[in-house]
Amino acid sequence: MVVGEKKPAVVAPQFEDVAKNCFKDLGITVSSGHGFLGGVIGTREYCRNFMKQKVEYWTECVTKVSKAAVRAPQAAFSTMTKSLQCEWEFVQRGVPDCAETFIPLQHAISDQFFPSLLGGVVTVEEKRLFQLPTYLAGLRHIP
């Protein structure tokens, strides 16, 4: 963040015009949503679009890590558990009602990452097992 950079004032959609008039001379941007501290605040629609963009990015990352898993499975697994997974778990704690936006990521993990990691076809039962938490002998990969 640049020193002196102003963050937008997040207001309810029905007050956007009033807030824009109030803040126009101060140079403050008015919006119905904004990313904040790794999460998002704003209207449901804004939050849904924000999460959709995040999930698209993570899905691309999982695809790239899946390609790497063929040659370096330990490094790929470590990347998933120590980096990517921590990112989406952090966002999930701060953004309510976002579970449905994670469906493409779930598919990328079960259809691309697991087979690449294990070097073959993964059955439905194995996918379910891998999605369990580690204390139940799973890999804890549930977005």
Problem - Filter result for VAL40 (under 16 Å from VAL95 (Cα atoms), of a type in the set (A, V, I, L, M) and assigned to a strand (DSSP E or B)) - result: yes
Handout entry: Test: PHE102 is at pLDDT 85 or above, within 23 Å of CYS47 (Cα to Cα) and among the aromatic types (Phe, Trp, Tyr)
Key = yes
Practice task
Scan ARG93, ARG140 and give me the residue that is open to solvent by 70 Å² or more (accessible area, probe 1.4 Å) and modelled with pLDDT under 75.
Solution key: ARG140
Problem - Output for segment 115-134, where each listed residue is over 19 Å from the mean Cα position of the chain (by Cα), surrounded by 14 or more Cβ atoms within 10 Å (Cβ to Cβ) and not basic (Lys, Arg) - result: PRO115, SER116, LEU117, VAL122, GLU126, LEU129, PHE130, LEU132
Fill in the blank from the handout: Among the residues of segment 64-80, the number that are assigned to a loop (DSSP other than H, G, I, E, B) and open to solvent by less than 60 Å² (accessible area, probe 1.4 Å) is 1
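The values are calculated or read from the model by the stated rules, or taken from the named source; none is laboratory data. The shown structure was predicted, so the numbers you read here are calculated from the model rather than taken from an experiment. All Cβ positions, glycine included, derive from the backbone under ideal geometry; neighbour counts span all protein chains shown. These area figures cover heavy atoms from the full protein model, side chains too; ligands, DNA and RNA do not enter into them. Shrake-Rupley method; radii C 1.70, N 1.55, O 1.52, S 1.80 Å.
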